[in-house]
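Undergrad: Sharing a structure with you now.
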Amino acid sequence: METVYWGCRVQPHGDDIWTQYEIDKPLANASGGEGGIFTLKPHAGEKRVAKIYNPRAKSLLKPDAFNSLAHLTSKYAELSQPDALPFVTWPIEVLFTVKHPSSVQHLSTLAGITMRHVTGHNVLRKLTSDAGGRIGNGNGTQNGLANAKAVRIAAIIAHYLNRMHQRGIVFCDLNPNNILVSNDYRQITFVDADAFQHPFVTAFTKPHFTDGYAS
């Protein structure tokens, strides 16, 4: 894997914005079927992380994946508004292994995306009490509090999914590894947004899904 990457934010009416990053370190429990998540240097304003695609994920990218991902990054500010879908880690930039001339992009050098770094959260998988992803009286809790937390988490997830569906966006790879839960169990964050199915952008040739969750 490369250690230096270039992040590109496409500007529809001006010069693209390029930022050079260095890979810092991998995030614990943050690797998935599409690749790994790494912290970045420098941190430009909002702290960001990189999702670096593995070979399998890159093989599923459409030939015009850059245009699709770039369009998604152009909607970052809009989608992150409080009245939109701020609970999703939307792609901020498209990552490349080299800096290309303006409007010249090559799929072979497309490496991944950047997104905001979510802290103070745990992967939902860590909170489940069985292999099926159920949340109950797990982790040694015997006073019923875990069940109350499970109901709260499930209600927030259902509400957020409804908000996404109202905008024509489908989570696709909905599973406990792609959902983050805050330490106080009151905030939920969805990840894997570059693989969502949108009415305006699709970067991959087919939807990603996890066995057991793709009903």
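Undergrad: As a test of reading the structure, rank Thr109, Thr119 by solvent-accessible area (1.4 Å probe, protein chains only), most first.
TA: Numbers: Thr109 25, Thr119 95 Å².
In descending accessible area the options line up as Thr119, Thr109.
Undergrad: Quick one: net charge around Asp173, please, counting Lys, Arg +1 and Asp, Glu -1 for every other residue with C-beta under 9 Å from its C-beta. If you can, show how the numbers build up before the last one.
TA: Numbers: positive: none; negative: Glu34, Asp192.
After counting each charged neighbour, the total is -2.
Undergrad: Still on this model: Give me the accessible area of Arg9, 1.4 Å probe, in Å² rounded to the nearest 10.
TA: 70 Å²
Undergrad: Now, a different point. How do Ser74, Ser68 stack up against each other in accessible area, from largest to smallest, with a 1.4 angstrom probe? All intermediate terms of the calculation are to be shown ahead of the outcome.
TA: Working: Ser74 60, Ser68 15 Å².
The residues order as Ser74, Ser68, largest area first.
Undergrad: Lysines near Lys47 by alpha-carbon distance under 30 Å, same-chain residues fewer than 8 away left out - which ones?
TA: Straight-line reach from Lys47, under 30 Å: Lys25, Lys58, Lys62, Lys75, Lys99, Lys126, Lys149.
Undergrad: Follow-up. Whole-Hz Karplus ³J(HN,Hα) for region 72-86, in order, using 6.51 cos²θ - 1.76 cosθ + 1.60 and θ = phi - 60°, x for Gly and Pro?
TA: Coupling constants for region 72-86: 5, 5, 5, 9, 4, 4, 5, 6, 8, 5, x, 8, 10, 10, x Hz.
Undergrad: Next up: With all protein chains present, calculate the accessible area of Phe66 using a 1.4 Å probe and round the result to the nearest 10 Å².
TA: Accessible surface of Phe66 is approximately 30 Å².
Undergrad: For Val201, Val151, give the ranking by accessible area with the largest first, probe 1.4 Å. Don't skip to the answer; put the middle values down first.
TA: Details: Val201 10, Val151 100 Å².
Final ranking, largest accessible area leading: Val151, Val201.
Undergrad: Determine how large the accessible area of Leu127 is when every protein chain is in place; take a 1.4 Å probe and give Å² rounded to the nearest 10.
TA: Leu127 exposes around 30 Å² with every protein chain in place.
Undergrad: Let me ask you something else. How much length is gained if the chain between Ala158 and Lys206 is pulled fully straight, taking 0.36 nm per residue apart and subtracting their Cα-Cα distance, in nm to one decimal? Let's see the in-between values first.
TA: On the way: separation 48, 0.36 × 48 = 17.28 nm, distance 2.43 nm.
So the extension gain works out to 14.8 nm.
The values are calculated or read from the model by the stated rules, or taken from the named source; none is laboratory data. For clarity, every value in this text was computed on a predicted model and none was experimentally measured. Don't worry about glycine lacking a Cβ; one is built from the backbone with ideal geometry, like all the others, and counts go over all protein chains shown. What goes into the accessible areas is simple: the full protein's heavy atoms, side chains included, and nothing from ligands, DNA or RNA. Shrake-Rupley method; radii C 1.70, N 1.55, O 1.52, S 1.80 Å.
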